[in-house]
1. When Met100 is evaluated against the numbered criteria (1) closer than 22 Å to Ile20 by Cα; (2) aliphatic (A, V, I, L, M); (3) in contact with a strand residue (DSSP E or B) (Cβ under 9 Å, 6 or more places away or on another chain); (4) modelled with pLDDT of 95 or more, which criterion, by number, is the only one it fails?
2. Residue check: is Lys91 surrounded by 10 or more Cβ atoms within 10 Å (Cβ to Cβ), in contact with an Asp or Glu (Cβ under 9 Å, 6 or more places away or on another chain), basic (Lys, Arg) and in contact (Cβ under 8 Å) with a residue 24 or more places away in the chain?
3. Starting from region 32-53, take each residue that is under 22 Å from Thr85 (Cα atoms) and list its partners that are of a type in the set (D, E, K, R), counting only C-beta distances under 6 angstrom and pairs at least six apart or across chains.
4. Of the residues that make up region 54-66, is at least one assigned to a strand (DSSP E or B) and farther than 21 Å from Gly40 by Cβ?
Amino acid sequence: MHTGLSKFKTMNKAALSASIADKVGVTKKQAEEMIDVMVGIIIKELQTDNEVTITGFGSFSSFIRKGREGVNPQNPSEKIQISPTKVARFKPGSTLKTAMKSGYATNVSPVEEEAEAPTESPNEEM
């Protein structure tokens, strides 16, 4: 929910791929390809009425929104019939819900854990 109290910022695909590239250690191009593949898989699964669940983050599903009677915005006195349509739905997972309520992520991803883990000293035996 956007309350208007803080400036609303948007992370676009280029910024997301740069962030992934930095955290995972791949090129920005490879990270962008990963995003494209993930989005493509999700779309294909939703088109075939399958659900995609990313544990902790959320679930993507599709459903048919019923047809209904509406109002023509160009002529409000005219009624129009709105056809049924397939739409995507996202249901947030528990980790995402908790992070939104608390204002910060509560779980550290495995990639961040590796980055924060102390490195071995060159003097230690392997």
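The values are calculated or read from the model by the stated rules, or taken from the named source; none is laboratory data. The shown structure was predicted, so the numbers you read here are calculated from the model rather than taken from an experiment. Neighbour counts are summed over all protein chains in view; Cβ atoms, including those assigned to glycine, are modelled from backbone coordinates with ideal geometry.
1. Every listed condition holds for Met100 apart from (4).
2. No, not satisfied.
3. Going by the 6 Å Cβ cut-off, the qualifying pairs are Val52/Glu45.
4. Within region 54-66, one or more residues are assigned to a strand (DSSP E or B) and farther than 21 Å from Gly40 by Cβ.
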